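J.: Dumping the structure here so I can ask a few things about it.
The values are calculated or read from the model by the stated rules, or taken from the named source; none is laboratory data. Note that the structure is predicted; figures quoted are calculated from it, not measured. Virtual Cβ from ideal backbone geometry, glycine too; neighbours counted across all protein chains shown.
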Amino acid sequence: MTLVLALALGIGVLLGLLGGGGSVLMVPMLVYVAGFAPKEAITTSLVVVGMTSLTALVGHVRHGRVCWKMGAVFGLAGMAGAYGGGRAAAALPGGILLILFGLMMLATSMAMLRGRRGGDVPAGKAPVCPLRLPLFAVLFDGGLVGASTGLVGAGGGFMVVPALNLLGRLPMHAAVATSLLVVAMNSLAALLGYAGHVQVRSDLAVPIAGAAVAGSLLGGWLAGRLGGTILRRLFGGFVALIAVFVMYRELTPERLDEIGALVSAHPDFFRGAAAVLVAMLLSRVRGWLHSRYFGAGRTVP
């Protein structure tokens, strides 16, 4: 239990400092260190990360780093998606949820290692929050991140931060602070989605949450004093290593047979999902090609 609390303390520091990463590490820690069942780990993670996010938010509010308007819109869309994801998770086995979690961690680490546009806010200075929001883009991204939150128990901080940084043009410290509000809202909605088919291990959730909350206070204090670029990249590499470990543990022959049986039982759904993914990929490729060959500053002969 001492090791679990020490790890929870460290996870809280990261959540307060970077605005995310709590459940990316919390779920594997609860499964592989504390011995929780996958769905128990996901629900307990939602409780711990939600409480920790609210606590870390307080320090950022005092320093004027939270953009409430954007956070509220993104968070409300995320809550709807998170509730739906939590309900959908009832139909998936716990092992498959862990594989999805590992894939999400890989995508998250790539985004972190690649870096994001926008600079950090100097310590003690409040960011300028946007007066006009790209409403539909924020609603779409919020719903997508929320659905991922509900499905695999990830608070989504490291997906929320780049979305706020890129869509809202928020400086990095503002995106980190605002993401804590969104993570807390998503965690609550996802927990409601899980209610009725998974129980929270309250006997262990309380001390783990206490350790994580204590760490988040330290992380929030550090956030105003440290730049985030090096920390994000180091943590991105760490998340990638954990994702590889999770995939190694879960991609067993038995699990692959389980996935095959699930696909065979619902072929139309998976064909449709594959078609949507291919369409999204082609859209991204088209956007890249247009920006690469017809972007700003290029002239057509």
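For (1) under 24 Å from residue 75 (Cβ atoms); (2) hydrophobic (A, V, I, L, M, F, W, C); (3) in the same structural domain as residue 26 (by TED's automatic domain parsing); (4) at pLDDT 80 or above, each residue gets a yes or a no:
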{"position": "184", "(1), (2), (3), (4)": "yes, yes, yes, yes"}
{"position": "210", "(1), (2), (3), (4)": "no, no, yes, yes"}
{"position": "223", "(1), (2), (3), (4)": "yes, yes, yes, no"}
{"position": "226", "(1), (2), (3), (4)": "no, yes, yes, no"}
{"position": "244", "(1), (2), (3), (4)": "no, yes, yes, yes"}
{"position": "247", "(1), (2), (3), (4)": "no, yes, yes, yes"}
{"position": "250", "(1), (2), (3), (4)": "no, no, yes, no"}
{"position": "273", "(1), (2), (3), (4)": "no, yes, no, no"}
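J.: Answer yes if at least one residue in region 79-102 is at pLDDT 85 or above and either within 14 Å of residue 181 (Cα to Cα) or among the polar types (S, T, N, Q) (or both), and no otherwise.
T.: No, region 79-102 contains no residue that is at pLDDT 85 or above and either within 14 Å of residue 181 (Cα to Cα) or among the polar types (S, T, N, Q) (or both).
J.: In addition: Is one or more of the residues making up region 63-78 touching a Pro at 6+ places or on another chain (Cβ under 6 Å), surrounded by fewer than 22 Cβ atoms within 10 Å (Cβ to Cβ) and at pLDDT below 80?
T.: Within region 63-78, not a single residue is touching a Pro at 6+ places or on another chain (Cβ under 6 Å), surrounded by fewer than 22 Cβ atoms within 10 Å (Cβ to Cβ) and at pLDDT below 80.
J.: Hey, among 271, 255, 249, which residue is over 20 Å from residue 94 (Cα atoms) and either free of Cβ contacts under 8 Å to residues at least 60 places away in the same chain or surrounded by 11 or more Cβ atoms within 10 Å (Cβ to Cβ) (or both)? Talk me through it step by step, then tell me what you get.
T.: Working: 255 fails: over 20 Å from residue 94 (Cα atoms); 249 fails: over 20 Å from residue 94 (Cα atoms).
Residue meeting the stated conditions: 271.
J.: Another question about this same structure. Please go through region 252-271 and pick out each residue that is outside any helix (DSSP H, G or I) and either at pLDDT 80 or above or among the acidic types (Asp, Glu) (or both).
T.: Pass one, region 252-271, residues outside any helix (DSSP H, G or I): 252, 266.
Correct list: 252 only.
J.: Suppose we filter 216, 283 for residues that are surrounded by 16 or more Cβ atoms within 10 Å (Cβ to Cβ), at pLDDT 75 or above, of a type in the set (S, T, N, Q) and in a helix (DSSP H, G or I); which single one remains? Outline the logic, then answer.
T.: Working: 283 fails: surrounded by 16 or more Cβ atoms within 10 Å (Cβ to Cβ).
Just a single option satisfies the conditions, and that option is 216.
J.: Taking the condition at pLDDT 80 or above and part of a helix (DSSP H, G or I), does residue 190 pass? Working first, answer last.
T.: Details: at pLDDT 80 or above: no; part of a helix (DSSP H, G or I): yes.
So residue 190 does not fit the description; no.
J.: Would you check if residue 230 is at pLDDT below 75 and on the phi < 0 side of the Ramachandran plot?
T.: Judged against the criteria, residue 230 is a match.
J.: Quick one: which helices (runs of 4 or more DSSP H) sit completely within region 1-87 and have at least 1 residues that are farther than 17 Å from residue 175 by Cα, of a type outside the set (Phe, Trp, Tyr) and free of Cβ contacts under 8 Å to residues at least 12 places away in the same chain? Please lay out each step first, then the result.
T.: Details: elements: 2-18, 22-32, 38-62.
Here the list reads 2-18.
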